[in-house]
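Notes follow the structure.
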Amino acid sequence: MAIKINVNTQPYYEFEILDKNYKVYTDDDSIQKYLNMRDELLKQEEDDSIEGMKKLTKESFDVLMGEGAFEEIYAGVGKSSQTMIEILIQVFDHVAEVNNQSATQKFLDAKARKQG
């Protein structure tokens, strides 16, 4: 008898921002791109150029969540680049956290929940 292995085939995370869901894809190439964008965003945050922050933030949102995502969310948060960066950092942190978890830890967590 074969042992069934459950595999999450959903290739994205969904994030709800301002009552709308956005998909962030989780294939290896996309995750690496997100992590690189996060590093660039953190560097840019040290620079006080609002236009520079806005440009990088727009590029990041449109790559992460699809063309036009930046404009929708930016308008909804009162055109605040700082708020946009905070949203992006939360998304990037979630992706990095999940990406860094080992398969063993996920297994142990699932097992503990079943026993708990």
Would you be able to say whether some residue in the range 87-102 is crowded, with 18+ Cβ neighbours inside 10 Å, part of a helix (DSSP H, G or I) and at pLDDT below 80? yes
Which residue pairs have Cβ atoms closer than 6 Å, lie 6 or more positions apart in sequence or on different chains, and pair a first residue in the range 17-43 that is aromatic (F, W, Y) with a second residue that is loosely packed, with under 15 Cβ neighbours inside 10 Å? Y25/P11; Y25/Y12
Among the numbered criteria (1) of a type outside the set (V, I, T); (2) part of a loop (DSSP other than H, G, I, E, B); (3) modelled with pLDDT under 90, which single criterion is violated by G78? (3)
Exclusive hit being surrounded by fewer than 10 Cβ atoms within 10 Å (Cβ to Cβ) and part of a helix (DSSP H, G or I), set E51, E72, E16, E40: E51
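The values are calculated or read from the model by the stated rules, or taken from the named source; none is laboratory data. Computed from a prediction, not measured in an experiment: that's the story for all the values here. Glycine gets a Cβ as well: all are built from the backbone with ideal geometry, and neighbour counts include every protein chain shown.
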